[in-house]
Amino acid sequence: MPLAQKTWGGIKILVFLLSLSPFIFLLQDTLAEQLGANPIETLHFRLGDWALRFLCLGLALSPLKKLLKQSWPLRFRRMFGLFAYFYASLHLLVYIILDLSFSWEILIDEVPQSPYILVGLLTFLLLTPLALTSNQYMQKRLGKMWRQLHKLVYLAGLSAVIHYLWLVKSDLSEPLFYAAIMALLLGIRLVIFFKAKKIRRTRASTTAWKQEN
């Protein structure tokens with residue numbers, strides 16, 4: 001039985017609050033000075049982790065829709081995408097404000113030695129147009145171009161994982177875990193894409209054969 005619109009509204013509010021809770025807990029830990037010996041690095045890493053988690057959650061919704069044969073997972077796609085951008089923005093701001101103290105000279109000096117910075121900036125730049133055009137107005141305004149533009153999320157997912165892999169210098173277990181999840185999610189999408197393409201070809205061949213006969 002389909003849920004009422006008010007019920008979905010309540011569920012969305014609950015999911016929103018749950019999605020915001022990592023930020024609230026991080027803020028509490030920051031104010032209580034419970035981020036360990038290197039609070040800036042801890043804050044930076046945790047925000048990056050949540051950005052990547054929400055990026056994975058957003059990419060998991062379409063495969064989940066196919067698996068469940070239900071459209072409701074897509075109701076949360078925009079929210080998860082915006083939360084991924086929210087945490088990615090905070091991740092970047094912590095680096096620029098707290099780590100670099102707005103010193104662009106230090107940033108320019110670090111980039112050649114730390115290519116993960118460029119990949120991280122690329123990821124943020126890829127996510128920015130997706131966040132700006134995530135509303136229904138822009139979706140209608142862009143039309144077919146909207147779908148093409150939002151395919152950048154796949155590239156953003158790959159660059160985010162590469163950024164994490166290059167950022168970590170010792171224990172790679174966590175970035176490799178996210179890399180495996182991202183590979184699985186993108187692999188499922190490739191399978192779905194090629195299956196749909198095969199079905200379209202079969203239908204086109206069948207239609208052409210009927211017309212000839």
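The values are calculated or read from the model by the stated rules, or taken from the named source; none is laboratory data. All of these numbers come straight from a predicted model, not from anything done at the bench. A quick note on method: Cβ atoms are made from the backbone with ideal geometry, for glycine too, and the neighbour counts reach across all protein chains shown.
Points worth noting:
- Applying the condition of being among the hydrophobic types (A, V, I, L, M, F, W, C) and assigned to a loop (DSSP other than H, G, I, E, B) to the range 49-107 and asking which residue is modelled with the highest pLDDT yields 100.
- With respect to being under 23 Å from the mean Cα position of the chain (by Cα), in a helix (DSSP H, G or I), over 30 Å from residue 150 (Cβ atoms) and modelled with pLDDT of 90 or more, residue 27 fits the description.
- Entry remark, the range 139-173: residues being in contact (Cβ under 8 Å) with a residue 24 or more places away in the chain and small (Gly, Ala, Ser) number 4 in total.
- Filter result for the condition that a residue is closer than 22 Å to residue 189 by Cβ, in contact with a helix residue (DSSP H, G or I) (Cβ under 8 Å, 6 or more places away or on another chain) and among the hydroxyl-bearing types (Ser, Thr, Tyr), over 87, 154, 116: 154
- Number of residues in the range 153-174 that are aliphatic (A, V, I, L, M) and not in a helix (DSSP H, G or I): the value is 2.
Let's see how each residue does on (1) modelled with pLDDT of 95 or more; (2) of a type outside the set (S, T, N, Q); (3) loosely packed, with under 13 Cβ neighbours inside 10 Å; (4) not in a helix (DSSP H, G or I):
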| residue | (1), (2), (3), (4) |
| --- | --- |
| 128 | yes, no, no, no |
| 145 | no, yes, yes, no |
| 148 | no, no, yes, no |
| 176 | no, yes, no, no |
| 185 | no, yes, no, no |
| 190 | no, yes, yes, no |
| 193 | no, yes, yes, no |
| 196 | no, yes, yes, no |
| 201 | no, yes, yes, no |
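- Sole residue being in contact with a helix residue (DSSP H, G or I) (Cβ under 9 Å, 6 or more places away or on another chain) and under 18 Å from residue 163 (Cβ atoms), chosen from 133, 123: 123
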